[in-house]
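Colleague: Structure in structure tokens, see below.
The values are calculated or read from the model by the stated rules, or taken from the named source; none is laboratory data. A quick note: this is a predicted structure, and the numbers were derived from the prediction, not measured. Glycine also receives a Cβ, built like all others from the backbone with ideal geometry; neighbour counts cover every protein chain displayed. Surface accessibility is based on the protein's heavy atoms, side chains included, excluding ligands, DNA and RNA. Shrake-Rupley method; radii C 1.70, N 1.55, O 1.52, S 1.80 Å.
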Amino acid sequence: MARSLFALAMVAFPLMVGVSCSGGGGEAQDTDELTSDADTVPPLICRTPGVGPYPIVFTDVTDEIGFGETGLVVVGSVVTSADINNDGWPDLYISKGAKTRENSEVPTGLYRLFINDKGTGFTETTWTSGLFKRRDGEDGRVSSFVVWGDVNNDGNMDAFNAAYFDADTDETGDQSSVFLGKGDGTFTIAPLHEFFTTYLDPVAGVSFLDYDRDGLLDIFVGHHYGKYGYLNMAEQDTLHRGDGAGKFTHATDEAGLTTLKGTTDEIIKSGKNHKPTWGVTACDVDGDGWTDLMTTTYGRGFNMFWRNKGGTFEDLSISSKFAEDEMLDYADDQWYLCYCKSHTDAGDYCADAASPSIDCTGLEEAWEPGFSDHPARLGGNSSATVCADIDGDGDMDLLAVELAHWHIGQASDKTEILRNDGFPEKPFVRPGREATGILRTHVSGWNEGDLGALADDIDNDGRIDLYVLSSDYPGTYALLYQQQADGTFAEKGSDAGVRVIRSHGATLIDYDRDGDYDMVVGSSLMRWSASDVPPAPSQPWVKVLRNDTAPAANRFMFLLEGAGTVDGTNRAAIGARITVKAGGKTFIREYQGGYGLFGFQNDPLIIVGAGEACVADEITVRWPNKKGSSSTFNEIPANYVVRIHEKDGLSYQTPEEYAAR
């Protein structure tokens, strides 16, 4: 059995209380309310930051941390974080999202693994970790991206190491595989399991979850085109049930997640077709204790929302208004205008069509009346869904992340908030970008290349902020939307020092363990041209951005650990939800097991900003176990690292004690 996160140092102020309470999916759950003893609760540490939001300040410490041109020369577009050696410090996986093998003797930096040196820097362990060994024992397997979870409940983080393979990819023999962690930063490959349904595995998004609440992690995999651009070669997204020992069985059909292969008008318009899925997300949107699933679709098809009804899923994509926005006017779609220009006999269908603004050569038949104009073909190029309580009302809202281009027109979905006002009884509300402040400044020929996002409280003022990664097109860069006191957002990326050009992937990571989220941001060299301003960099540099926002606000810091038993929660506590009531507000966070396009995953340390509040009246952890039980504690002081174990209860450390381990 691996040592727990707190085994390396004496906990200064223990409060060990276990709570196990019955509850059911969707039903009100009874919880025990525990008032902490004065002798076991540490003294208050209260900060007086004033009323937020606070001016956000990040410092680029890429060179200082050793990632720059004179150091480890770290490049890449995909970034995830996890504590892979059980020392309490978050480590990093970084890759270029490649589909080819790496040469371990003369590596080109397709992927790399780094161990955190207690906040002072990182040590590379790519070729000593075992994470990149092929099944024949040689180094250099394909590694497109990695997400993390403890599939065998031994207290060590394991890895889903994705190997993207489609009809246009060179055959390597490598497959997406689970690697089992030993707790010291090294891994061994798990038994072979095919995470796909045909010989192709265009894996684009992966989430760990416990969909049936049996205490064992399962894996949901989203698949893109089997051959890029061919809708008839879109692949089935797949669900895989874990057995707790690193083996999996296919559970897609029995869980109700099967879609239809085919491209007939009837199948496409129904929304039941296989999609060219880009991102996947697993979180409990309706708050009933069962993890729901979302997929985002490239190519303007419907996005999919699968509601978990106790271990099986129902399709609420259209009724929930998750599938697409309600803007279906294609009058400014250049493909439609090119069709009208070349079909002068189209009559009323093109009666009011304007002249196209592009060269229509080769696009005369790109638009198909009766099909291209159907709602099922007027959605977005959707890359990701981010799940968080954005408006602070105690339920999970969504941020829909989209690619958009001027020539596709207003019908193409744009990145926006989907507000939860009582889902599933009420559909999601799209207040719009004007109302929320999620705005862009466009120039002629604009593109929004949004490929992912982060959603959390960057300045610890008690409000969720949004960091949108935008890439692959001239003029695109990361945007930091800080939530204001009235619930709207203001873009602060340049002022905050986080406007990374051509940003692609990122992770929230408190790498120095000082109680606020820093960021590691990847970038891309796609579609750079000689005329771009600024000019293309020499490499797709990874940026390490330290959060130096001041004044330091009060915050609650939590590490959750499930019991890892058949009647308990998976050891990594993926799917657990923590609710904090402090200062007259309610904050919720859910620990998630990877989301988005090509893998987004954040620090396992959950930081809940509280602004001026330095005591929580109540915190409740709802565990994703068979009973859906909860643990509740009263009068919890802020500014401590609080470990909450499903069976053993709660214990404290100061950040300094925690960091010194």
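Let's see how each residue does on (1) farther than 23 Å from Asp450 by Cα; (2) at pLDDT 95 or above; (3) assigned to a loop (DSSP other than H, G, I, E, B):
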site	(1), (2), (3)
Phe305	no, yes, no
Lys321	no, yes, yes
Leu328	no, yes, yes
Tyr336	yes, yes, no
Lys341	yes, yes, no
Ala353	yes, yes, yes
Thr361	yes, yes, yes
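Colleague: Moving on to the next point. Among residues belonging to the stretch 282-307 that are more than 25 Å from Asp391 (Cα to Cα) and of a type in the set (Ser, Thr, Tyr), point out the one that is surrounded by the most Cβ atoms within 10 Å (Cβ to Cβ).
Modeller: Out of the qualifying residues, it is Thr297.
Colleague: I'd like to check something: does the stretch 308-315 contain any residue that is open to solvent by 60 Å² or more (accessible area, probe 1.4 Å) and more than 28 Å from Val468 (Cα to Cα)?
Modeller: Scanning the stretch 308-315 turns up at least one residue that is open to solvent by 60 Å² or more (accessible area, probe 1.4 Å) and more than 28 Å from Val468 (Cα to Cα).
Colleague: Grab the strands (runs of 3 or more DSSP E) fully contained in the stretch 398-486, keeping just those with 3 or more residues being farther than 19 Å from Cys387 by Cα. Before the answer, list the steps.
Modeller: Numbers: elements: 416-418, 447-456, 465-470, 479-483.
Answer list for the stretch 398-486: 447-456.
Colleague: Could you please find all residues in the stretch 306-331 being under 19 Å from Leu260 (Cα atoms) and among the hydrophobic types (A, V, I, L, M, F, W, C)?
Modeller: Across the stretch 306-331, the qualifying residues are Trp306, Phe313, Leu316, Ile318, Ala323.
Colleague: For Gly432, indicate whether it is free of Cβ contacts under 8 Å to residues at least 24 places away in the same chain and open to solvent by less than 40 Å² (accessible area, probe 1.4 Å).
Modeller: So Gly432 fits the description; yes.
Colleague: Going by what's in this entry, would Thr263 be described as closer than 20 Å to Gly299 by Cβ, open to solvent by 20 Å² or more (accessible area, probe 1.4 Å) and more than 21 Å from the chain's Cα centre (by Cα)? Don't jump to the end; show me each part of the working.
Modeller: Values: closer than 20 Å to Gly299 by Cβ: yes; open to solvent by 20 Å² or more (accessible area, probe 1.4 Å): yes; more than 21 Å from the chain's Cα centre (by Cα): yes.
Judged against the criteria, Thr263 is a match.
Colleague: Just checking: which of the strands (runs of 3 or more DSSP E) contained wholly in the stretch 565-661 hold 2 or more residues that are under 30 Å from Asp450 (Cβ atoms) and either open to solvent by 30 Å² or more (accessible area, probe 1.4 Å) or in contact (Cβ under 8 Å) with a residue 40 or more places away in the chain (or both)?
Modeller: Correct list: 577-582, 585-590, 606-611.
Colleague: Those residues that are crowded, with 19+ Cβ neighbours inside 10 Å and touching a Ser or Thr at 6+ places or on another chain (Cβ under 8 Å), I need them from the stretch 394-423; list them, please.
Modeller: Listed by number, the residues that qualify are Leu398, Leu399, Ala400, Val401, Glu402, Leu403, Ala404, Asp413, Glu416, Ile417, Phe423.
Colleague: Related question: So which of Leu525, Leu560 ends up being assigned to a strand (DSSP E or B), at pLDDT 90 or above and open to solvent by 20 Å² or more (accessible area, probe 1.4 Å)? So that I can check it myself, show each step before the final result.
Modeller: Values: Leu525 fails: assigned to a strand (DSSP E or B).
The match here is Leu560.
Colleague: Give me a count of the residues in the stretch 99-112 that are in contact (Cβ under 8 Å) with a residue 60 or more places away in the chain and either of a type outside the set (Ser, Thr, Tyr) or in contact with a strand residue (DSSP E or B) (Cβ under 8 Å, 6 or more places away or on another chain) (or both).
Modeller: Of the residues in the stretch 99-112, the ones in contact (Cβ under 8 Å) with a residue 60 or more places away in the chain are 99-101.
Those still in the list that are either of a type outside the set (Ser, Thr, Tyr) or in contact with a strand residue (DSSP E or B) (Cβ under 8 Å, 6 or more places away or on another chain) (or both) too: 99, 101.
Qualifying residue count, the stretch 99-112: 2.
Colleague: If you don't mind, there's one more thing I want to ask. Is it fair to say Ser494 is farther than 21 Å from Asp393 by Cα and surrounded by fewer than 24 Cβ atoms within 10 Å (Cβ to Cβ)?
Modeller: For Ser494, the condition - farther than 21 Å from Asp393 by Cα and surrounded by fewer than 24 Cβ atoms within 10 Å (Cβ to Cβ) - is met.
Colleague: What are the residues in the stretch 34-50 that are of a type outside the set (Ser, Thr, Tyr) and modelled with pLDDT of 90 or more, if any?
Modeller: If we filter the stretch 34-50 for residues that are of a type outside the set (Ser, Thr, Tyr), which is where we start, we get 34, 37-39, 41-47, 49-50.
Selection gives Pro42, Pro43, Leu44, Ile45, Cys46, Arg47, Pro49, Gly50.
Colleague: Does any residue in the stretch 356-373 that is open to solvent by 30 Å² or more (accessible area, probe 1.4 Å) come within less than 7 Å, Cβ to Cβ, of a residue that is assigned to a loop (DSSP other than H, G, I, E, B) six or more places away or on a different chain, and which pairs are these?
Modeller: Close Cβ pairs satisfying both conditions: Asp373/Tyr330.
Colleague: Among the residues of the stretch 467-476, how many are under 20 Å from Thr549 (Cβ atoms) and surrounded by fewer than 24 Cβ atoms within 10 Å (Cβ to Cβ)?
Modeller: 0
Colleague: Pull out all pairs, ordered by first then second residue, where Cβ-Cβ is under 7 Å, the residues are six or more apart or on different chains, the first lies in the stretch 539-553 and is under 12 Å from Tyr517 (Cα atoms) and touching a residue at least 40 places away in the same chain (Cβ under 8 Å), and the second is polar (S, T, N, Q) and buried (at least 16 other Cβ atoms within 10 Å of the Cβ).
Modeller: Val544/Thr62
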